[in-house]
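**Q** There's a structure below that I have some questions on.
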Amino acid sequence: MNKNLNVLINGIIRENPLLVLLLGMCPALATTSSAINGMSMGLATMFVLICSNTVISLLKNMIPDMVRIPAFIVIIAAFVTIIEMLMNAFVPALADSLGLFIPLIVVNCTVLGRAESFASRNSVLSSVFDGVGMGFGFTIALTLLGALRELMGTGKIFSLNIYPEQFGSLIFVLAPGAFIVLGYLIAIFNKFQNKASTN
Amino acid sequence: MAKLKSTFINMFLSLSIICLTVAFSLAQVNKMTLKPIAEAKALKLQTAIGEVVPEFDNDPVAESYMIASEGGDSLLVYPATKDGEVVGFAISSSSSGFSGEIQIMIGFDMDDKIVNYEILQHAETPGLGSKMGEWFKDMESNSKSIIGRDMSLGTLAVTNDGGSVDAITASTITSRAFLNAVNKAYIAYSGSKLDSYSGATTDDDTENN
Amino acid sequence: MELIGIIIVAIFVNNVVFSQFLGICPFLGVSKKVDTAIGMSFAVMFVLTIASIVTFIVQKGILEQFGLEYLQTITFILVIASLVQMVEIVLKKISPSLYQALGVFLPLITTNCVILGVAILVIQKDFNLLESVIYAVATGIGYAMALIIFSSIREQLSLTKVPKTMQGIPIALITAGVIAMAFMGFSGIDQVFK
């Protein structure tokens with residue numbers, strides 16, 4: 001159990017998919033114009049991660065080595081399609097704001113990367129924990145990014161007014177702001193990591 | 001259990017089984033979500049119509065039809081009736097904005113006056129053009145708000161173009177596009193009003209795209 | 001005239017990297033030197049054009065005919081993966097030198113969100129085949145432009161003193177942000193072509 005807990009925490013901090021492994025930047029930049037959008041994107045990706053990790057780990061001995069990448073892609077794409085259909089049916093407004101990036105989860109390097117490097121070589125239980133950890137780490141990173149951009153750009157977080165909108169810098173909600181905030185976030189996270197590892 | 005060897009038959013079988021299972025599961029989920037997705041779309045439309053026309057008791061979507069507007073475009077008109085009498089028309093119109101298409105739902109009453117509008121879809125700049133959702137219904141400013149304006153007095157234009165509507169600050173293009181959509185809708189409205197008085201409405205149950 | 005509008009929008013106004021946020025991972029990974037950037041751009045442009053044609057045909061000819069639109073994501077990514085595989089094999093035979101030059105970039109293109117993104121976008125925008133191809137080619141050019149501009153700046157940047165925590169990706173992202181701001185200046189140019 002200790003090992004699995006390690007796997008979980010690994011995904012959140014030491015190997016945070018976005019801030020450390022630098023994977024999944026496209027959705028990170030595109031869907032974080034607000035905290036709620038960032039969080040939803042993270043959760044949708046987490047759903048796919050957990051499901052695909054589980055199934056791939058379950059089937060790892062039944063998929064011949066040479067066809068493993070296409071097989072992984074089909075399984076991942078299946079879960080992406082499922083979450084896409086579920087979101088369109090039950091949270092259509094959210095699905096609209098995430099738009100193109102829901103189907104793009106299938107090319108999120110985090111998902112395929114974890115399938116290849118972890119789920120196909122570890123037990124089902126560990127793979128589930130890995131999916132949860134990585135997914136959670138991704139969601140936290142995305143929510144943080146979205147919250148920062150929303151706060152600095154419009155004075156709100158999760159649509160709650162923190163300070164009057166006219167004092168916000170609109171640039172943070174637009175394209176350049178995404179790059180800049182993410183850059184600083186990664187730098188700060190690096191500093192935090194370095195400090196922690198030298199302790 | 002050791003991993004399956006990569007013989008041709010193994011590869012073929014495992015991929016086929018995976019693909020078939022996936023195709024089957026997706027077909028099932030698709031069936032399950034088809035109805036909720038259609039219902040969500042319909043609800044969005046109904047809500048938008050409800051916001052923009054006076055009280056009605058019919059089913060505007062069921063009675064919708066297309067009317068020609070300017071430039072060869074056809075717009076969808078949703079008639080609202082109460083006790084059998086037409087009280088207004090909700091019209092979905094669109095125009096090319098700053099960063100893509102702007103789609104609006106606008107409602108007119110039987111006196112050529114704008115009742116209300118809703119932005120259905122847009123890709124305008126957040127914080128600038130996106131303000132059109134509230135800017136043109138700002139009840140505290142007569143020069144901004146288009147609510148209640150009598151369209152028979154002429155088409156709407158921004159003050160920069162000699163009109164009487166205040167454009168959104170730093171978003172003239174979006175404002176122009178928005179008013180363009182409103183004007184297009186009015187042309188369709190005039191056509192509908194004529195038809196409804198002469199009783200020549202066509203009851204095509206056209207799907208909204 | 002409309003076609004020119006599509007081209008201008010795809011390259012400048014809605015630049016695939018600085019405005020639509022597609023293709024960022026390889027964008028940051030491959031842009032340290034200008035020649036690798038150029039190699040990657042060509043590979044992407046090539047696959048992008050062919051992929052958009054094939055996925056278009058698959059969508060209109062198969063998926064829509066049988067009401068299977070929900071299989072779009074799966075079929076598109078499989079088409080793209082197989083296409084990249086085929087391009088690799090063909091290139092190896094026809095032009096081994098080009099194959100060597102592109103090296104490891106070719107298989108990486110499968111997970112490049114530009115390809116899948118553009119394939120889905122042209123269906124959403126309801127383009128016909130000609131418009132889709134032009135859009136794909138223009139997007140490829142926009143990507144190439146973004147990559148080349150960015151890598152030239154990064155080459156210069158590597159010669160300057162950057163604070164330790166900002167080195168590498170953080171400063172690259174901030175640079176990209178500034179370039180994105182510059183690109184925002186193109187907004188509205190396409191109005192001329194309407």
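**Q** For the stretch C:34-56, does any single residue satisfy the condition of being within 14 Å of chain A (Cβ to nearest Cβ), in contact (Cβ under 8 Å) with a residue 12 or more places away in the chain, more than 30 Å from residue C:177 (Cβ to Cβ) and assigned to a helix (DSSP H, G or I)?
**A** Yes, there is a match, as at least one residue in the stretch C:34-56 is within 14 Å of chain A (Cβ to nearest Cβ), in contact (Cβ under 8 Å) with a residue 12 or more places away in the chain, more than 30 Å from residue C:177 (Cβ to Cβ) and assigned to a helix (DSSP H, G or I).
**Q** Which members of the stretch A:69-82 meet the condition of being surrounded by fewer than 21 Cβ atoms within 10 Å (Cβ to Cβ) and more than 9 Å from chain B (Cβ to nearest Cβ)?
**A** Result: A:69, single match.
**Q** I'd like the full set of residues that are more than 10 Å from chain A (Cβ to nearest Cβ) and in a loop (DSSP other than H, G, I, E, B), limited to the stretch C:15-32.
**A** Matches in the stretch C:15-32: C:16, C:31, C:32.
**Q** So, residue B:124, is that one modelled with pLDDT under 90 and in a loop (DSSP other than H, G, I, E, B) or not?
**A** Here the answer is yes, as residue B:124 does meet what is asked.
**Q** Only one of (1) in contact with a Phe, Trp or Tyr (Cβ under 7 Å, 6 or more places away or on another chain); (2) of a type outside the set (Val, Ile, Thr); (3) within 14 Å of chain A (Cβ to nearest Cβ) is not met by residue C:88, so which one is it?
**A** Only one criterion in (1) in contact with a Phe, Trp or Tyr (Cβ under 7 Å, 6 or more places away or on another chain); (2) of a type outside the set (Val, Ile, Thr); (3) within 14 Å of chain A (Cβ to nearest Cβ) is unmet by residue C:88, namely (1).
**Q** With the requirement that a residue be among the β-branched types (Val, Ile, Thr) and either free of Cβ contacts under 8 Å to residues at least 12 places away in the same chain or within 14 Å of another protein chain (Cβ to nearest Cβ) (or both), what does the stretch C:1-14 give you?
**A** Hits for the stretch C:1-14 are C:6, C:8, C:9, C:13.
**Q** Collect the residues in the stretch A:1-36 that are in a loop (DSSP other than H, G, I, E, B) and within 21 Å of residue A:106 (Cα to Cα), keeping them in residue-number order.
**A** A:15, A:16, A:17, A:18, A:19, A:20, A:21, A:22, A:23, A:24, A:31, A:32
**Q** Turning to a different aspect of this structure: Looking at the stretch C:150-165, which of its residues are assigned to a helix (DSSP H, G or I) and either surrounded by fewer than 20 Cβ atoms within 10 Å (Cβ to Cβ) or in contact with a Pro (Cβ under 6 Å, 6 or more places away or on another chain) (or both)?
**A** Step one: filter the stretch C:150-165 for residues assigned to a helix (DSSP H, G or I), giving C:150-157, C:164-165.
Matches in the stretch C:150-165: C:152, C:153, C:154, C:155, C:156, C:157, C:164, C:165.
**Q** Separate question: Condition test on residue C:5, is it within 30 Å of residue A:33 (Cα to Cα) and surrounded by fewer than 18 Cβ atoms within 10 Å (Cβ to Cβ)?
**A** Yes: the conditions hold for residue C:5.
**Q** Among residues belonging to the stretch B:72-109 that are in contact with a Ser or Thr (Cβ under 9 Å, 6 or more places away or on another chain) and outside any strand (DSSP E or B), point out the one that is farthest from the other protein chains (Cβ to nearest Cβ).
**A** Ranking the candidates gives B:73 first.
**Q** Take the residues in the stretch B:6-31 that are within 41 Å of the chain's Cα centre (by Cα) and more than 8 Å from chain A (Cβ to nearest Cβ); name whichever of them is farthest from residue C:63 (Cα to Cα).
**A** B:21
**Q** Additional query: From the list A:154, A:139, which one is away from every other protein chain (no Cβ under 14 Å) and either hydroxyl-bearing (Ser, Thr, Tyr) or without any contact (Cβ under 8 Å) to a residue 24 or more places away in the chain (or both)?
**A** Of the residues listed, the single one that is away from every other protein chain (no Cβ under 14 Å) and either hydroxyl-bearing (Ser, Thr, Tyr) or without any contact (Cβ under 8 Å) to a residue 24 or more places away in the chain (or both) is A:139.
**Q** To continue, here is another question. Filtering the stretch C:170-191 down to residues that are more than 20 Å from the chain's Cα centre (by Cα) and closer than 19 Å to residue A:189 by Cα, which residue is farthest from the other protein chains (Cβ to nearest Cβ)?
**A** Result: C:171.
**Q** A further question on this structure: Out of the stretch B:42-52, which residues are facing chain A (nearest Cβ under 10 Å) and either of a type in the set (Ser, Thr, Tyr) or loosely packed, with under 14 Cβ neighbours inside 10 Å (or both)?
**A** B:43
**Q** Of the residues B:12, B:56, which is surrounded by 12 or more Cβ atoms within 10 Å (Cβ to Cβ) and either part of a loop (DSSP other than H, G, I, E, B) or of a type in the set (Gly, Ala, Ser) (or both)?
**A** Answer to the selection: B:56.
The values are calculated or read from the model by the stated rules, or taken from the named source; none is laboratory data. In this text the structure is predicted, and so the values were computed from the model without any measurement. Quick reminder, even Gly has a Cβ in these numbers, built from the backbone with ideal geometry, and neighbours come from all protein chains shown.
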